[in-house]
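Everything on this sheet refers to the single structure shown next.
The values are calculated or read from the model by the stated rules, or taken from the named source; none is laboratory data. All of these numbers come straight from a predicted model, not from anything done at the bench. For neighbour counting, all protein chains shown are included, and Cβ atoms are generated from backbone atoms with ideal geometry for every residue, glycine included.
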Amino acid sequence: MIMTKANFLLSLVILFLTVSCGSNSNDYEEEFIDENGYVDGTYCAEINYYNPNTGTRSSYNLNVEVESNEVTTIYWGNGGWLDEDHFYPEELDSDGYCSFTSDKGYEYEIQILGEECTSTDETSFQNDLENDNESVTCPKCGDVKDSYDEYCYNCQDEIEHTCRRCGQIDNFMFSTDDYCGDCEDELENTCSKCGGHEYNVNGGICDDCKENEEDY
Ligand SMILES: [Zn+2]
Ligand SMILES: [Zn+2]
Ligand SMILES: [Zn+2]
């Protein structure tokens, strides 16, 4: 169908009527939405949280701050918040929905529910976030690690190359080795009796000690 100018105007009128009927019959939209989208303020929202690093997936009711139709802050536990330091403000669509990925790769979906909620799931959200942070933080250096590893790559590498006897780092150690080359050498070539050096004595006693023993 070719749209004539008259048809076009008519459909505009119909569209306008539909929109205004829609908002008249919906208190929610009248209260929170103006021509620029959501009115600035604090809203109750459902937050769907997914952490691909740990597999944590959960949803919470939390208060969020909206400015210029963008979610700028998510309020959580003990007056803390997730703000622009961790994500860019996200614009809400006409259904009050937006989604974003934080600087740490955590995925959030936000759905505005209505006016500021009196009770929220801040505590469980905070606990989940802290647990997730812990499971991807290296206990040795504090850097990011995979949740299924005990330490980050660098620390794991360092631990594997640290001698359990003298504590020195030996990059030639295999991950299955317990001791550095020096200790390995010392253990292999040190007489267990006199402490003297003899090649490949391997925890036994040296020839001198053997001779002395035979003399008795
Ligand atoms: Zn580390
Ligand atoms: Zn050593
Ligand atoms: Zn000896």
| query | Does S147 satisfy being part of a loop (DSSP other than H, G, I, E, B), of a type in the set (S, T, Y), surrounded by fewer than 18 Cβ atoms within 10 Å (Cβ to Cβ) and within 16 Å of ligand 1 (Cβ to nearest atom)? | reply | yes
| Quick one: what pairs do we get from segment 51-75, first residue at positive phi, second in a strand (DSSP E or B), C-beta under 7 Å, 6+ apart or different chains? | N69/G37; N69/Y38; N69/E91
| said: Report every pair of residues separated by at least 6 positions or lying on different chains whose Cβ atoms are under 7 Å apart, first residue within segment 33-48 and closer than 11 Å to I74 by Cα, second of a type in the set (F, W, Y). | reply: I47/Y60; I47/Y108
| task | Looking only at segment 153-169, decide whether some residue is more than 16 Å from ligand 1 (Cβ to nearest atom) and among the charged types (D, E, K, R). | result | yes
| task | Can you tell me which residue among C194, C163, C98 is at pLDDT 90 or above, touching a strand residue (DSSP E or B) at 6+ places or on another chain (Cβ under 8 Å) and outside the structural domain of E65 (by TED's automatic domain parsing)? | result | C163
| request: Would you confirm whether any residue within segment 151-161 is assigned to a strand (DSSP E or B) and either more than 13 Å from ligand 3 (Cβ to nearest atom) or of a type in the set (V, I, T) (or both)? | output: no
